[in-house]
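A short worksheet on the structure shown next.
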Ligand SMILES: Cc1cc2nc3c(=O)[nH]c(=O)nc-3n(C[C@H](O)[C@H](O)[C@H](O)COP(=O)(O)OP(=O)(O)OC[C@H]3O[C@@H](n4cnc5c(N)ncnc54)[C@H](O)[C@@H]3O)c2cc1C
């Protein structure tokens with residue numbers, strides 16, 4: 001148990017967005033910050049684990065969007081930290097499609113069906129958009145901003161220190177560290193936030209171990225999946241526009257399963273790095289990658305599952321998953337291949353501090369969902385990859401979202417300071433606030449500035465204070 005009297009800002013979550021928000025605040029003179037992190041490490045969905053002697057990335061693996069006109073800020077961080085990366089060439093994947101009998105689809109047919117599948121998916125998306133009565137400017141299926149802005153290349157992080165090394169490099173610029181470890185008392189690991197009370201004068205945060213933290217502001221950087229769950233409750237409850245945006249945002253589940261073999265039996269070479277298994281059941285152990293390029297001699301294969309298949313596999317034993325994966329590999333490479341000696345199945349969906357892998361905005365949302373996800377509610381500022389309008393779902397989205405939310409908060413802090421000096425007369429409703437305790441946020445109106453606060457009707461209507469409604 002810990003009890004802190006007061007600090008300027010509490011940052012909830014020490015993933016890339018929480019750490020970049022904290023750094024941006026520190027760079028601008030706000031160092032009176034506490035970072036509350038539920039797990040026992042920083043990094044969140046950037047997570048390295050040793051598997052069969054090799055550091056594998058259970059979460060983000062690629063720096064996506066490199067080689068374009070603008071430089072991807074995460075690529076810059078990686079270069080500065082000297083992170084080892086490997087270029088990933090997916091373009092050959094459709095020449096390596098295996099059927100259930102182990103035959104490779106002839107390249108012409110494979111390329112043709114691949115193109116047909118992509119065209120038909122685009123047409124389906126367009127039809128879906130056409131069937132709504134959206135104004136014409138939203139009728140186009142938007143290309144992915146990451147590749148437009150930063151370029152089409154993707155690099156796999158293959159470094160002993162892991163992708164998470166970038167977070168440590170950011171953290172050491174403003175937190176006390178020694179020998180690669182963060183020793184700073186402002187970072188509280190194993191601290192699970194369960195309740196946030198938002199009031200006109202400040203924010204109170206309660207944690208699972210019964211501690212109470214108080215601050216002027218909160219930056220909430222937990223994932224969209226966590227926001228959709230009941231892990232954190234809000235007092236007063238979040239307004240409707242915010243909860244609707246949270247509900248509307250899809251949570252994608254993406255699972256990389258790692259398999260270790262005593263020897264290699266798959267074709268090697270850069271152009272064979274990615275291969276596809278064609279099965280009538282959609283998404284059934286479809287997308288494979290060998291790790292020979294990243295870690296030569298490691299004899300590790302990775303298979304990627306998504307959404308329903310991810311959830312199905314998370315619910316069963318690792319041994320069952322291993323059995324299924326071996327069956328698929330035997331279909332592709334014959335019955336005589338060696339059995340895997342080890343398997344690693346990450347469980348992002350069942351992790352209560354994640355509840356999924358990344359956000360996906362609904363196709364037709366006019367950017368409203370993105371804006372509503374990001375806009376503050378009173379003293380709570382929202383961050384995280386899901387608040388990045390252009391780059392949600394990516395590490396650089398999280399990184400830039402952290403900077404954006406810190407900048408919005410810095411602006412609000414300056415405005416609030418100005419207001420405090422301006423006000424010579426006490427605010428008319430102040431005595432009422434004292435009477436009603438700290439519950440002072442509106443339920444219906446979007447509040448992005450504290451001076452827009454209204455008094456919530458339900459406090460008075462339900463509290464027998466006997467105030468005439470006209471005063472509200
Ligand atoms: C399997 C997988 C593969 C991916 N692949 C890529 C990729 O190749 N390239 C790419 O760019 N992106 C990829 N991503 C996405 C990328 O990892 C995320 O967009 C990014 O890391 C999100 O950072 P964040 O700070 O927004 O959230 P997070 O990293 O989730 O940080 C939020 C933090 O909040 C903490 N938290 C949650 N609840 C509480 C609570 N109640 N109290 C206190 N703390 C709490 C969590 O423990 C976590 O540390 C992948 C993600 C996954 C899962």
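Laboratory data are not the source of any read-out in this text; all were calculated from the coordinates shown. Everything numeric in this text was worked out from a predicted model, so none of it was measured.
Across the alpha-carbon atoms of the stretch 156-262, the computed radius of gyration and Dmax are 18.2, 62 angstrom.
log10 I(q)/I(0), Debye, Cα-only the stretch 327-427, no solvent, q = 0.14, 0.24 Å⁻¹? Listed by q, the Debye log ratios stand at -0.75, -1.25.
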